[in-house]
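Note sheet for the following structure.
The values are calculated or read from the model by the stated rules, or taken from the named source; none is laboratory data. All values reported here derive from a predicted model rather than from experimental measurement. Please note: Cβ atoms are built from the backbone with ideal geometry, for glycine as well, and neighbour counts cover all protein chains shown. All accessible areas refer to the heavy atoms of the entire protein, side chains included, with ligands and DNA or RNA removed. Shrake-Rupley method; radii C 1.70, N 1.55, O 1.52, S 1.80 Å.
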Amino acid sequence: MKRNIQIEALNQIPLEKQRIELVERKCLGHPDSIADGIAESISQALCKVYLEEFGAVLHHNTDQGEVVAGESCPKFGGGKMIRPIYVLIDGRATKQFNGITVPTDVVAIEAAHTYLHKILPELNLTRDVMIDSRLGNGSTDLRDVFKPRQGKVPRSNDTSFGVGHAPFSEVETIIRNTSNYIDTKLRKKYPAIGQDIKIMGLRDGDKITLTIACAIVDKYCAGIKEYQDYMALLSEEIGKVAKKSTKRKIVVNVNTADDIKNKSVFLTVTGTSAEMGDDGSVGRGNRCNGLITPNRPMSMEATSGKNPINHIGKIYNLLSTQIAQESVKKVDGIEEMYVRLLSQIGKPIDLPLVASVQVLPKKGVTLQEINSEINAIVDDNLANVTSITEKVIRGELKTF
C-alpha cells in the first residue's frame, strides 16, 4: 500500500535569522530527567526479560513515574540526608504469559537502583532513596493490539503523533555540547560539579546568553571561596565550549539565585535538588532530542518508558527526528525541515495516516528539485520502522 507522504514548502524566516530563540536542557540529575531515566531503564529491563523468557517483548508502559523530593542538610565539607527521596514507579506491564509469572516489580526496582547508582554516585541507595513499584496490568484492548502477528508490522497502540526537526541551530548545538562536555569530561576532573544542571539558552539577535543552574556537591567544596571558584570555572569552561559552535557573542551566567553574602547557594549532599525541594515527573522535561525547543513544533508525549514495539509516543518521535536528520544530511538544499507522523490506533505503524513533511529550501533551491529525494528517505524509514524498536532495546537511542 502506498504511504500518505505529504511534502510542502515553508515560507517563513529561518530560525537562525529570527530575533529571539529559546532552548532548554534539563541534564541527567534534574528531577524530571531522573524520572525519565528511571522510566526508560525499566522499559529496557522489561524488554530484556521478556525476550529472554518468551522470545518477544510483551506489552508494557512505564512512563508514569514520579520523583518526590526528600530533605537534606547540606554544608560545606559534607552534609547529610534527613529524609529519603521517594520514587514511585507506576504504569503497566505484562505479569503473566503462557502460565509463567514475570517478576515485573522486582525487575523495575532493580533497574531503577542500577540507573540511580550510575548517574548519582553520591546517593546512598540503601538510605537516601525509597523506591515503590506499583506496576499494574495493561488494559485488555491495548494488550490485544500489542499481540505478536507472526512477523507482521506491529499495530499502533494509539491515535497519536510524533514530531522531529533538523538541523539543530547554533544554540541547540551549544546546549547539547555543553551538557555532554560536563557529563563526560569536566565532572571527572571536578567531582564537586553535581549532576543536577539546567541550561537555558537565549539568542537575542547575535547575542547568546546561557543561564546555568548547577548543583555543587558539598563534601567536595570546603567553603564559599571554593564555591565561587567553581562558579568561575563553570562560566569559563562553558564559554569555551559555546565558542566552538558560533561566532556570536556569548554570555554565561551561573547560579544567578545565589546570595554569596549570606552563603545561600546551590549546595547539595548528593548532586541533585531532588534531595530537597524539587520533584520530578516523566515527560515533563526534554523531548527525545534532548532539548526543550519552544521555537520548534514539539510533541507533548513522554518518550521515555513507553514500550518500543507499538507505542507511537515513543516510536514516531524518534523516527520523525531520524527522518529529519537523515534528510538534512543526505539532501542538499534544505535550510530547515519539520516532520510530523500521525498514527491511527490498530493500524500498522509503517502506514501512518499521514507523514507530513515541511521543508524550508535554501535560497536558490525549489521544493521540486529535492522532493523525490526526501520522499524516498521518508518512505524507506517508514518501511524499516521496526529498526527503531531494535535500537531502543539495545540502548542506542536516547529518549530525553
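Please go through the stretch 20-56 and pick out each residue that is assigned to a loop (DSSP other than H, G, I, E, B), surrounded by fewer than 24 Cβ atoms within 10 Å (Cβ to Cβ) and under 27 Å from the mean Cα position of the chain (by Cα).
We begin by selecting, within the stretch 20-56, every residue assigned to a loop (DSSP other than H, G, I, E, B); these are 27-30, 55-56.
From the residues that got through so far, the ones that are surrounded by fewer than 24 Cβ atoms within 10 Å (Cβ to Cβ) too are 28, 55-56.
Scanning the stretch 20-56 gives L28, A56.
For the stretch 170-259, which fully contained strands (runs of 3 or more DSSP E) count at least 3 residues that are open to solvent by less than 30 Å² (accessible area, probe 1.4 Å), out of contact with any Gly (no Cβ under 6 Å at 6 or more places or on another chain) and at pLDDT 95 or above?
Working: elements: 193-204, 207-217, 249-254.
Passing ranges, in order: 193-204, 207-217.
Give all pairs with beta carbons closer than 7 Å in which a residue from the stretch 248-268 that is charged (D, E, K, R) meets a residue that is surrounded by fewer than 17 Cβ atoms within 10 Å (Cβ to Cβ) and part of a loop (DSSP other than H, G, I, E, B); count only pairs at least 6 apart in sequence or on separate chains.
Pairs that qualify, where the first residue is charged (D, E, K, R) and the partner is surrounded by fewer than 17 Cβ atoms within 10 Å (Cβ to Cβ) and part of a loop (DSSP other than H, G, I, E, B), are R248/D206; K249/D206.
Let's see how each residue does on (1) under 24 Å from the mean Cα position of the chain (by Cα); (2) outside any loop (DSSP other than H, G, I, E, B); (3) farther than 29 Å from N180 by Cα:
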| position | (1), (2), (3) |
| --- | --- |
| P352 | yes, no, yes |
| K363 | no, no, yes |
| D379 | no, yes, yes |
| L397 | yes, no, no |
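Going by the structure shown, is K314 buried (at least 20 other Cβ atoms within 10 Å of the Cβ), out of contact with any Leu (no Cβ under 6 Å at 6 or more places or on another chain) and either assigned to a loop (DSSP other than H, G, I, E, B) or not small (G, A, S) (or both)?
Values: buried (at least 20 other Cβ atoms within 10 Å of the Cβ): yes; out of contact with any Leu (no Cβ under 6 Å at 6 or more places or on another chain): yes; either assigned to a loop (DSSP other than H, G, I, E, B) or not small (G, A, S) (or both): yes.
Yes, satisfied.
Among E8, E66, which is open to solvent by 10 Å² or more (accessible area, probe 1.4 Å), over 22 Å from I212 (Cα atoms) and touching an Asp or Glu at 6+ places or on another chain (Cβ under 8 Å)?
Working: E8 fails: touching an Asp or Glu at 6+ places or on another chain (Cβ under 8 Å).
Going through E8, E66 in turn, just one is open to solvent by 10 Å² or more (accessible area, probe 1.4 Å), over 22 Å from I212 (Cα atoms) and touching an Asp or Glu at 6+ places or on another chain (Cβ under 8 Å): E66.
Go through (1) closer than 26 Å to T62 by Cβ; (2) assigned to a helix (DSSP H, G or I) for I345 and report which single condition fails.
(2)
Would you point out which residue out of C73, C47 is farther than 30 Å from N375 by Cβ and touching a strand residue (DSSP E or B) at 6+ places or on another chain (Cβ under 6 Å)? Reasoning before the result, please.
Numbers: C47 fails: touching a strand residue (DSSP E or B) at 6+ places or on another chain (Cβ under 6 Å).
Unique residue meeting the criteria: C73.
Which one is nearest to the chain's Cα centre (by Cα) among residues in the stretch 57-95 that are within 30 Å of Y230 (Cβ to Cβ) and among the basic types (K, R)? Don't jump to the end; show me each part of the working.
Residues of the stretch 57-95 that are within 30 Å of Y230 (Cβ to Cβ), as a first pass: 67-87.
Still in the list and also among the basic types (K, R): 75, 80, 83.
Values: K75: 31, K80: 30, R83: 28 Å.
This residue is R83.
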